[in-house]
Each structure stands twice: as C-alpha cells, then as structure tokens.
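Student: A single structure is presented below for examination.
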Amino acid sequence: MHLATIRSLPELDQLKKEWNDLLAISASHVPFLRHEYITAWWQGLGGGEWSDAELFVITARADDGRLIGIAPLFETSNLKGEPALMLLGSIEISDYLDVIARPHDLPAFLEALLEYLEGESAGAIDLLDWYNILEASPTIPALQAAAEKLGWSYSQEPLQHCPYIPLPGDWEKYICGIDKKQRHEIRRKMRRADEYEQPVRWYFADGTSLEQEMDAFMDLMACDPDKARFLTPAMREQMHTIARSAHADGWLQLAFVEVNGEKAAGYLNFDYMNHIWYITRGLIFASAGFPWAGFCWVTCFNGPTKTGVNHLISCVEMSSTSTALVPLTAAWLA
C-alpha cells in the first residue's frame, strides 16, 4: 500500500472520478463524502468555520496503482486550539463524515494511515480530531484497533442523536403505519391546508433560477433569530456553492410552500442513493397558524426523486416522529 498527501485543490480536482468510484463501494457512502461536496466545502472552509487551514488529503494505492483508500483531511487548530488533522466537512454543516475505503480494505488502510503520520513525510502531526462519524461505522473499531496496535491513545464520545425514518414508499402505507393520534393530527392539518382561505401550493425548484431560489430560502431561514446569526455572508456563499454543486450532480432537492403567491416555508434536502437527507428548513413564523405539517410530510413522499425513496434521514434537526436514532461519534487519537 502506497500513501501520498494531496496539498492543493488542483491535485484534488484530478481525483474526482477515482474518488467517487471508490466512494460508491466504500464502507460509508453518504453525500457529504462526494468529491463535489468536499471540494465545495473546502472552497468556503465551512462558511468561515475555519479561518486557518491547509489541505491534507491522504490517499492509498495498491501495487497496481488502484485507489483503495482516502482520508479526506485538513490541517488546522481544533476547537481547543491544538494542531490537528480533521475530516473535511467538519463540523457544523456536514453531518456524516468518514474515511473512504472498501470494508475489507479499511483496517489495513487505517493502520497504514497512522504509520504514515508517524513518518517524516507527514510532518509533525500527532493528533487526529474527527467529528460526525456514525457510531455504526466500521471505521470506529478499525481505528481503535490500529491505535492500540501502534501505541496511539484513543478516545471517543457521543455527539448527538440523528433520527431517520424508514419509509414504505407510499403515503397511505406510511400514514396507516404510524400512531393513531399522529395520523389524526397530520390528516387534520392536511384538511386545514386544503381549506385555507388563501391559495396555497408547494413545488420543487428546478434549478433554472437556483441563485434566486437559494437566496429566498436563506431569507426564510433567517426568520429564525438563531439561523439569522448563523447565516453570515460567508455561510450564505458556502450554501450557494454547495447547492450549485449538488444541483449539477443531480441530488439537490429544494422545496417551497407558497401562500397567496409568497414563499412562506422551504426545505433543503439531498436526494441521494434512495434516501432523502433532510438538511434544514426555513419558515415565516408569522404564518405559524398555517398547518405546515401536512405539506412537509406529503413532499417527502410525493416529490420528484431519481429512484424510489425508502428513508428520510434527519441530518441536523431532531424529529419527534423518528423510529430510530443513529448516534454520531467524535474520535480523538494522539
């Protein structure tokens, strides 16, 4: 196994096809690890979350030259001010992060990675600080085993629960399968939406005016004071960059509800690998009397998708109707 470090964006750009081909057979295949997403995130450094960072992507190739492992890293000072290697996408706006390797290559790749970081070619870096790894990821036990074998100290802790909802692919099957009280409440709100005195419609943005639609969506987000503070100019530009990238690759889903011709709510999702990855939403709170629940649930089932959707994954915000919780994990090695 031959390891090398990529330190520049032009070098990273050259990896696009190999990167995505490997991701497709990787132990962790999520949209936040797509080459398009990673490069978009790097160009904005997470919307200004990191001000001082250096690209540090480590690749592994087999003897025949095949790409068999990627550690998508960058060098920075972590939240404690310590020099560290962190996963590209950390921390706030990218919800599932990991290394990229096939399951049977993963243990050897992680062991080789730590050995490589101990060598002179990697410089004086002795801390990995990784966030947003799914607790079920095979990277966790493989990384711990490699750390113990090579004498690195290892610790991990849970960050938050991340809900997901298995979907049957049909609205009526879904609604009949949930709690009777919830079913009644959703149907009641859907009837109120149908009977609302002003014209109401929902639609998915088709990308023909993506910049304007994203601006409108972020204006809806900013109706929440916490999100208004989050949406700095740098973060707005970061979200534009990610949206353009996801749209060009075919997995952006941007939905709006209009009331009397005015946008009143919106959802930003990724439609990727037979899953809807719910990212965030915007809502005019002055319209809180409008029955939003009926619309947001119907769009999960009736919206245009590339394939049949069988999961709704809440990447950021908790959902009271979740049927399972998937813990996210942070790991430190030194």
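Student: Tell me the strands (runs of 3 or more DSSP E) entirely within region 204-285 that contain at least 1 residues that are under 18 Å from V30 (Cα atoms) and β-branched (V, I, T).
Tutor: Values: elements: 252-259, 262-272, 275-283.
Filter on region 204-285 gives 275-283.
Here is a yes/no grid of residues against (1) free of Cβ contacts under 8 Å to residues at least 60 places away in the same chain; (2) in contact with a helix residue (DSSP H, G or I) (Cβ under 6 Å, 6 or more places away or on another chain); (3) not assigned by TED's automatic domain parsing to the domain that holds W42:
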site	(1), (2), (3)
A193	no, yes, yes
Y196	no, no, yes
Y203	yes, no, yes
E211	yes, no, yes
L231	yes, yes, yes
R244	no, no, yes
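Student: Could you please find all residues in region 220-229 being surrounded by fewer than 18 Cβ atoms within 10 Å (Cβ to Cβ) and under 17 Å from G44 (Cβ atoms)?
Tutor: The initial filter retains those residues of region 220-229 that are surrounded by fewer than 18 Cβ atoms within 10 Å (Cβ to Cβ), namely 222-229.
If the condition is that a residue be surrounded by fewer than 18 Cβ atoms within 10 Å (Cβ to Cβ) and under 17 Å from G44 (Cβ atoms), then no residue fits.
Student: Do you know which residues across region 90-112 are under 19 Å from A145 (Cβ atoms) and crowded, with 23+ Cβ neighbours inside 10 Å? Give the steps one after another, and end with the answer.
Tutor: So in region 90-112, the residues under 19 Å from A145 (Cβ atoms) come out as 98-112.
Within region 90-112, D98, V99, I100, A101, L106, F109, L110 qualify.
Student: Residues in region 62-89 that are in contact with a strand residue (DSSP E or B) (Cβ under 7 Å, 6 or more places away or on another chain), surrounded by fewer than 24 Cβ atoms within 10 Å (Cβ to Cβ) and in a loop (DSSP other than H, G, I, E, B): how many?
Tutor: The total comes to 2.
Student: Do we have Y131 as assigned to a helix (DSSP H, G or I), at pLDDT below 95, surrounded by fewer than 22 Cβ atoms within 10 Å (Cβ to Cβ) and hydroxyl-bearing (S, T, Y) here?
Tutor: On the way: assigned to a helix (DSSP H, G or I): no; at pLDDT below 95: yes; surrounded by fewer than 22 Cβ atoms within 10 Å (Cβ to Cβ): yes; hydroxyl-bearing (S, T, Y): yes.
Here the answer is no, as Y131 does not meet what is asked.
Student: Pairs only if they're at least six apart or on different chains, beta carbon under 8 angstrom, first in region 135-153 and over 14 Å from L106 (Cα atoms), second of a type in the set (A, V, I, L, M) and loosely packed, with under 14 Cβ neighbours inside 10 Å; list them, first residue then second.
Tutor: Qualifying pairs under 8 Å: W152/A334; S153/A334.
Student: Return the only residue of F270, F256 being aromatic (F, W, Y), crowded, with 19+ Cβ neighbours inside 10 Å, without any contact (Cβ under 8 Å) to a residue 60 or more places away in the chain and not assigned by TED's automatic domain parsing to the domain that holds Y37. So that I can check it myself, show each step before the final result.
Tutor: Values: F270 fails: without any contact (Cβ under 8 Å) to a residue 60 or more places away in the chain.
Answer to the check: F256.
Student: For residues that are outside any helix (DSSP H, G or I) and modelled with pLDDT under 95, tally how many sit in region 98-121. Lay out the reasoning, then the answer.
Tutor: Taking region 98-121 and keeping what is outside any helix (DSSP H, G or I), we get 98-105, 119.
Within this subset, residues satisfying the condition of being modelled with pLDDT under 95 are 119.
So the answer is 1.
Student: Given the conditions (1) out of contact with any strand residue (DSSP E or B) (no Cβ under 6 Å at 6 or more places or on another chain); (2) over 22 Å from E237 (Cβ atoms); (3) touching a residue at least 12 places away in the same chain (Cβ under 8 Å), and given that A24 satisfies all but one, which numbered condition is not satisfied?
Tutor: All conditions pass for A24, except number (3).
Student: Which numbered condition trips up W41, out of (1) within 28 Å of M239 (Cα to Cα); (2) free of Cβ contacts under 8 Å to residues at least 40 places away in the same chain?
Tutor: Evaluating W41 over (1) within 28 Å of M239 (Cα to Cα); (2) free of Cβ contacts under 8 Å to residues at least 40 places away in the same chain leaves (2) as the failure.
The values are calculated or read from the model by the stated rules, or taken from the named source; none is laboratory data. Keep in mind the model is a prediction, meaning the values are calculated, not measured. In this analysis, Cβ positions are derived from the backbone assuming ideal geometry, glycine residues included, and neighbour counts consider all displayed protein chains.
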